[in-house]
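Here's the structure, in structure tokens; my notes come after.
The values are calculated or read from the model by the stated rules, or taken from the named source; none is laboratory data. Just so it is clear, the structure is predicted and the values come from calculations on it, not from any experiment. Quick reminder, even Gly has a Cβ in these numbers, built from the backbone with ideal geometry, and neighbours come from all protein chains shown.
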Amino acid sequence: AHPVVAIVGRPNVGKSALVNRILGRREAVVEDVPGVTRDRVSYPAEWQDKRFTLVDTGGWEPDARGIDASVALQAEVAIELCDVVMFVVDSRVGATATDERVVQLLRRTKKPVFLVANKVDDAAQEHEVASLWSLGLGEPRPVSALHGRGVADLLDDVVKVL
Ligand code: GDP
Ligand code: MG
């Protein structure tokens, strides 16, 4: 089986947009309404001749446990089944209380974690991601899933650890 790269993060940060960018086609459903990806969905992906399975986590529907617990639980499952984690945050919003729940899980895992700061659509916004160093997950990687900015550099480093 190929190594599994899981994309985790709260609703609307651009996980599905990032999946589409990595696949090079629009397969994952991108929605302005948070929580549209209902299940974990796996896609065969390839970069630099390395094959891996990309898992778009979703289903972050707030249920009886509430949104924070739902996101944390889904992230926990994803972290368990994957080999590498891409944790996506919205660079325009910064880390929220919901993100913080996931951050605590990620700090505990020994698996490689990439901190992806999405929605950095132009160079002028790049410096804003520096504050995300404080999450303790290493270097924030500025990307724009929408425009493709920074995604190749990120993938180069992800496949190095596969
Ligand atoms: P998900 O819930 O995390 O899967 O997020 P989606 O991929 O569905 O995206 C949520 C919203 O953010 C949509 O309106 C996207 O068009 C928007 N979005 C995603 N990536 C970017 C980006 O790089 N830049 C900007 N400006 N918007 C983005
Ligand atoms: Mg989605």
* Within region 155-162, is even one residue basic (Lys, Arg) and surrounded by 12 or more Cβ atoms within 10 Å (Cβ to Cβ)? -> no
* **Sole exception among (1) of a type in the set (Gly, Ala, Ser); (2) at pLDDT 95 or above; (3) closer than 19 Å to Arg101 by Cβ for Ala45, by number** => (3)
* Structure fact -> Flagged in region 108-124 as more than 16 Å from ligand 2 (Cβ to nearest atom), more than 17 Å from Ala78 (Cβ to Cβ) and not in a strand (DSSP E or B), in numbering order, are Val120, Asp121, Asp122, Ala123, Ala124
* Mind checking which pairs have a first residue in region 18-30 that is closer than 18 Å to Phe87 by Cα and a second that is assigned to a helix (DSSP H, G or I) and near ligand 1 (Cβ under 8 Å from one of its atoms), Cβ under 7 Å, 6 or more apart or different chains? -> Ala28/Ser16; Ala28/Val19; Ala28/Asn20; Val30/Ser16; Val30/Ala17; Val30/Asn20
* Asked: Hey, Ser70 hits all of (1) in a helix (DSSP H, G or I); (2) in contact (Cβ under 8 Å) with a residue 12 or more places away in the chain; (3) within 16 Å of ligand 2 (Cβ to nearest atom) but one; which does it fall short on?
  -> (2)
* Structure fact -> Of (1) of a type outside the set (Ser, Thr, Tyr); (2) touching an Asp or Glu at 6+ places or on another chain (Cβ under 7 Å); (3) more than 7 Å from ligand 1 (Cβ to nearest atom); (4) at pLDDT below 90, Asn20 fails just (4)
* **Contacts under 7 angstrom Cβ, first residue in region 133-162 being among the basic types (Lys, Arg), partner part of a helix (DSSP H, G or I), 6 or more apart** => Arg141/Leu154
